[in-house]
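Pasting a structure below so you can have a look.
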Amino acid sequence: MNTKNMSSVFFVFMFVCVSSVFPQDDSSKKILLGFVQVSSEGTWRMANTQSVKDSAAKEGVELIFREGQNNYTNQSKEMSDLIASGVDVLAFSPSQVEGWDGVLQEAKDVGIPVIVLDRAIDVKDSSLYVTHIGSDMIDEGRRAAKWLVSYLEKQGKLKEEMHILVLEGVKGSTPAEHRDRGFREVLATYPNLKIVHSEPADFIMSKGQEITERVLKSQKIDIIFAHNDEMALGAVDAVKSAGKVPGKDVIIIGVDGIKKALEAIVSGSLNATIECSPLLGPQLMKAVKDLSAGKTVEKNVVTEEKDFDISNAQTELPKRVY
Ligand code: AHR
């Protein structure tokens, strides 16, 4: 080794020694969060995205935001891409209940913790994600059915035969599958409350309207349960077009608790909405920071939510931001 090489080796050696005694202060380094949103359409989804973006900015978390256009393949690709780019934490709101094992294993293999936001998932190995933050959507379905039962009881109609139309969300998605399961579970005790038609309207208002208009032409419908408020509001318009009074001739229940739904309850055209909060940003950032600090986080953080009808919608309205 010549003199030049020896001095280079000496300097590298000295640098390593000094660095280990005085480690570099990287406390100013921001946590890098990759978030793959399911889609961009609808009032609920826009409020959810805004909540995540605002909270990241407030908490000083650097956010890489991607969106999957309601498509499983797109979403998986975006997730793989963020894993390969080396984010500190990965979060996503899944388009469907199943099928995430592979991409979550990719994250686990390189030590990236994954947070499931909003919709729960089914995976064979639950250690593939660290936490789920969001609603219990099976319970939302149960709450919708329980609200209906108690309403009919108060009206003295609980024993009457009633025909129900269900407007489903996107097939295979957690809100559609779980809300349906919870709703049917409670209705199983009331065989006179019959689901006579159930069809996906994909969480979209215009589809909710179209399907309701078509079904009302061929069947007697007394009750409509929509897996979200947008579809419920579409159903309100369809009932009006059919010359009936929504909220009276046809009982209509939605899910989410968006401002427009609360207004429709106050005006009498919608009977109830089961709240599902999109404002999950603050809880997400808390989990991101806790994980980065090496703390353990709860496996399932369930959002606290209410049911709204004519008894409390007006009081809630001024507080609603979405
Ligand atoms: O995952 C939340 C659900 O998804 C909301 O109920 C719905 O409006 C959205 O599409």
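Just the projected area, averaged over all directions, of the convex hull on the alpha carbon atoms of segment 201-241: how many nm²?
Values: hull surface 9.8 nm².
Approximately 2.4 nm², given one-decimal rounding.
Let me ask something else. Tell me, 304, 185, 177 in order of fewest to most beta-carbon neighbours within 10 Å? Could the numbers behind the result be given before it?
Working: 304 7, 185 13, 177 24.
Ascending number of Cβ neighbours within 10 Å: 304, 185, 177.
OK, next. Pairwise over distinct Cα atoms, reciprocal of the mean inverse distance: report the Kirkwood radius of segment 62-116 in Å, one decimal place. Could the numbers behind the result be given before it?
Values: mean 1/r = 0.0887 Å⁻¹.
Answer for segment 62-116: a Kirkwood hydrodynamic radius of 11.3 Å.
Taking only the alpha-carbon positions of the chain and ignoring solvent, what does the Debye formula give for the base-10 log of I(q)/I(0) at q = 0.09, 0.10 Å⁻¹?
Cα-only, vacuum Debye calculation for the chain: -0.53, -0.62.
Distances over 19 Å make up what percent of all Cα-Cα pairs in segment 114-267?
The proportion of pairs with Cα distances above 19 Å equals 53 percent.
Is there a pair in 30/286; 260/286; 58/260; 194/217; 159/259 whose C-alpha atoms are over 22 Å apart, and which pairs would that be?
Numbers: 30/286 14 Å; 260/286 30 Å; 58/260 28 Å; 194/217 18 Å; 159/259 33 Å.
Checking Cα-Cα distances, 260/286; 58/260; 159/259 exceed 22 Å.
Starting from the alpha-carbon convex hull of segment 37-183, give the projected area averaged over all orientations, in nm². Could you put the intermediate results ahead of the total?
Details: hull surface 42.3 nm².
That works out to 10.6 nm².
Coordinate-derived values only; no laboratory data. Keep in mind that what you see is a predicted model, and the values were worked out from it rather than measured. Counting neighbours? That spans all protein chains shown, and the Cβs are built from the backbone with ideal geometry, glycine included.
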